[in-house]
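So the structure is just underneath, and the comments pick up after that.
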Amino acid sequence: MKIKDLRVFVAVNDLAGKVWNPKIRWLKKHSVLVEVERDDGACGLGECWCFDRSPEPLVAFLRHEVAPRLVGQPAGDPAAVSLALMDSATLGARHGIMATAASGVDIALWDLAAREAGRPLWRLLGGADPAVAVYASGGLYGEHKTPEDLGRELAGLSNAGFTQVKMKVGALPPAEDEARVRAARAAIGPSCGLIVDGVYSFDRAGAAAFHRRIADCRIDAFQSPLPADDIAGMAALVAEGVPVMALEAEYRPLVIRTLLDRRAVTILQFALVACGGITAAREIVALAGEAGIPCSLEVSSTAVAEMAAFHFAAAHRQVASVEVHQVHRMLFDLFPATVAQVRDGRITLPETPGLGLDLPPERVERWA
């Protein structure tokens, strides 16, 4: 069977500028979803990375560059489709946006394959255990938000069943961010894991100094402490004992291999919706496994991206955890009951074929 159509939808989370991290004050978060239809009418869902001010460039790329290459192609081999899409980007030097677009298409084709097989995607990918370790991501900055407010927020997530939480640092002077980290640790207690996310906002000396300031708070990871291209700096931090987690949106195999080979990360973080989808992610976790480095999956958008990450993690034990974002929570009410409930830091995937989600047309806007 062949691909008949590629449809593109956009979901919007209006945050009105009320929260921010060191790099972005969130006005609106757009999520770009794709639906791939076969010539027999069967459909699969996927999602593409979108942190742009507007989804229009990505939607136009999907419409004009990706869809014409997809229609008429065999639908049963996601890896072949992904390879062809990435190969087509070489002459146009558009590998970044193509990796994003290909991610959504690849996830949708895997969803289709699992639905066709009548199996949940995690089983089709070789998983045997439906339980997935997750952590709650929140702790952003807000108007008049005190360290005590932050502590109550993260304690609420711990009380909701999460055994690890994440917060932002880097937007305030070190002493003020230190106070926030200490308030978080006091609120969640000693047994809950804590990740701090610098969003690429420190330099090497500043990151090392900040880690020393909060050493007794026992963080599990310092996410994205340095600019993304400072691999040498990250390697130096790891050598000093800083548990670096990076780089979330990276998709280039050479960069990922360099991070692993140079021991520049303690935890390799990447996103299925940015790296090229499930096909590319399987190669990434294989490389991480050879290096003996665990992975964590970044997710900060809709239930489609979350479910794709959950399924992938259930089938690849090199993935130690999956992010569950508490700000970018679009379409989360579509989660199956066992996924919506977090128990002891884990969710449980159902036996529903595919990703286990259907996209309600009234909840999104079709753009192409």
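The values are calculated or read from the model by the stated rules, or taken from the named source; none is laboratory data. What you see is a predicted model; the values in this text were computed from it and never measured. Positions of Cβ are generated from backbone atoms using ideal geometry, with glycine treated the same way; all protein chains shown enter the neighbour counts. To get the accessible areas, we keep the full protein, side chains included, count just its heavy atoms, and leave off ligands, DNA and RNA. Shrake-Rupley method; radii C 1.70, N 1.55, O 1.52, S 1.80 Å.
Out of Leu260, Gly354, Phe310, whose Cα points farthest toward the positive end of the dipole of the range 248-368 (charges: +1 Lys, Arg; -1 Asp, Glu; placed on Cβ)?
Leu260
Give the accessible surface of the chain per residue, rounded to a whole number of Å², with probe radius 1.4 Å and ligands, DNA and RNA excluded.
Numbers: 14600 Å² over 368 residues.
On a per-residue basis, 40 Å².
Hey, got the dipole for the range 243-368? About the Cα centre, +1 on K and R Cβ, -1 on D and E Cβ, debye to the nearest 20?
Values: 11 positive and 14 negative charges, 64 e Å.
Computed about the Cα centre, the dipole is about 300 debye.
Angle check, please: helix 95-117 long axis (alpha carbons) against the longest principal axis of the chain (alpha carbons), in degrees 0 to 90, nearest 10.
Between helix and principal axis, roughly 60 degrees.
How much of the accessible area of the chain, in percent, comes from carbon and sulfur atoms when a 1.4 Å probe is used?
On the way: 7580 of 14600 Å².
The computed percentage sits at 52.
Please give the length that would be gained between Glu176 and Ala205 if that part of the chain were fully extended, namely 0.36 nm times their separation in residues minus their C-alpha to C-alpha distance (nm, one decimal).
Net length gain for the segment: 8.7 nm.
Taking a quarter of the surface of the Cα convex hull of the chain, what do you get in nm²?
16.8
Among Ala314, Ala136, Ala93, which one moves the most in a GNM of the chain with springs linking Cα atoms closer than 10 Å?
Looking only at Ala314, Ala136, Ala93, the largest GNM fluctuation is found for Ala93.
Cut-off 10 angstrom, C-alpha nodes, Gaussian network model of the chain. Which of Asp344, Asp197, Asp216 fluctuates the most?
Of Asp344, Asp197, Asp216, the Gaussian network model singles out Asp216 as fluctuating most.
What number of lysine-lysine pairs in the chain show an alpha-carbon separation below 29 angstrom, given a sequence spacing of 8 or more or placement on distinct chains?
16
Roughly how big is the range 87-188's charge dipole about its Cα centre, with Cβ charges of +1 (Lys, Arg) and -1 (Asp, Glu), in debye to the nearest 20? Show your work: numbers first, answer last.
Details: 11 positive and 12 negative charges, 32 e Å.
Roughly 160 debye for the range 87-188.
Evaluate the relative contact order of the chain (contact order divided by residue number), counting alpha-carbon pairs under 8 angstrom at least 6 apart; express in whole percent.
21
Compute the long axis of helix 78-92 from its Cα atoms, compare it with the longest principal axis of the Cα atoms of the chain, and write down the angle in degrees, 0 to 90, nearest 10.
The answer is roughly 80 degrees.
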